[in-house]
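Read-outs throughout are calculated quantities, based only on the coordinates presented, and are distinct from any laboratory measurement. Keep in mind that this is a model prediction, so the values were computed, not measured. Here the Cβ is made from the backbone with ideal geometry for all residues, glycine too, and neighbour counts use every protein chain on show.
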Amino acid sequence: MPRFKLVIEYEGTRYSGWQKHPGVRTVQGELEDAIRESAGTTKIEFQGSGRTDAGVHATGQVAHLEVATVLAPHILRMRINDTLPPDIHVLDLERVRGTFHARHDAESRVYLYQISRRRTAFGKRFVWWIKDPLNVQRMRDAARAFPGMADLRAFTADDPEEKSTRVLIEELRIQESGALILIRVDGSHFLWKSVRRIVGYLVEAGRGTIPPEAFHDLAAINPQDVARHTAPPSGLFLAGVYYQGEQKPAVFHPLLGISDER
């Protein structure tokens, strides 16, 4: 059967995460239903590059699809999009080699987190609104501890006894855009809730409750303390998944504009 690579965007607010589970509404479940209806078959193989939690969004999730169809890729994509709910959209669908695997072949993943420093009438589902003043320089000072091969055992809900907690963090960048603080994390892969916990702990550094030097030994940080500060899913986006030979954008722009005016 032919194999296809899909690039997908979705608003995760209404869904119990990416991965299909019986009895709950998920992004993968909606896509599989739309694909079966569009292709006229129940026999498909469909897998994403990784999971996103309930309420987390994506602008660049990648999946592979194996399905017997004579439809041209652009026609199949159009039919799938016509069937999907409006908060899920297939941006691209192309035929790829039969061995392509969305998860195993991925070399880098990029997440973007949006913090708003003011209340917004329009972006509540896409930001974490923080009322307290945040010192962005303190956040940047703390963030310097992460790039490289980092042990994130304190920053995950996974059991460190069950799987490795070492992750190659390629970059952790914090920038300001209007009333938004954008936190971009590039890495080889990510552990369960790790990005949200990194963001939450960096926010505490920005609030002044945790000194930046406390981040110098990541493995020595108390996981229970980190878990208490887990950032909400609303501000988190899977911004892109990248494969051999693909170039990542140097800059990710905010996904909504919020001025400094209050």
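Assorted remarks:
- For the range 212-245 versus the range 122-169, the inter-centroid distance based on Cα atoms is 2 Å.
- Cα-based Kirkwood hydrodynamic radius, the range 218-262, one decimal, Å: 14.8 Å
- Karplus-derived 3J(HN,Hα), 6.51/-1.76/1.60, for each residue of the range 84-94, Hz, glycine and proline x: 6, x, x, 9, 9, 8, 8, 6, 8, 8, 9
- A cut-off of 5 Å between modelled amide H atoms, ignoring neighbours fewer than 5 places along the same chain, links I210 with A205.
- Listing K43, K20 from fewest to most neighbouring C-beta atoms within 10 Å gives K43, K20.
- Close amide-amide hydrogen proximity is noted between Q61 and I8, each under 5 Å apart and 5 or more residues distant or on a separate chain (H modeled in the peptide plane; Pro and chain starts excluded).
- Amide H contacts under 5 Å for A54: G17, restricted to partners 5 or more places along the chain or on a different chain, H placed in the peptide plane at 1.01 Å from N.
- Cubic angstrom per residue, convex hull over Cα atoms of the range 3-96: 83 Å³
- Cubic angstrom per residue, convex hull over Cα atoms of the range 108-242: 100 Å³
- Principal axis box of the chain, alpha-carbon based, largest edge first, Å: 59, 44, 38
- In order along the range 218-231, the phi-based Karplus estimate (6.51 cos²θ - 1.76 cosθ + 1.60, θ = phi - 60°) of 3J(HN,Hα) comes to 4, 5, 8, 6, 6, x, 5, 5, 5, 4, 5, 10, 4, 5 Hz; Gly and Pro are listed as x.
- Evaluating 6.51 cos²θ - 1.76 cosθ + 1.60 at θ = phi - 60° for every residue in the range 182-188, the Karplus couplings come out as 9, 10, 10, 10, 9, x, 5 Hz, glycine and proline recorded as x.
- For G98, neighbours were defined as the other residues whose beta-carbon sits under 15 Å from its Cβ, and their charges (Lys and Arg +1, Asp and Glu -1) total 0.
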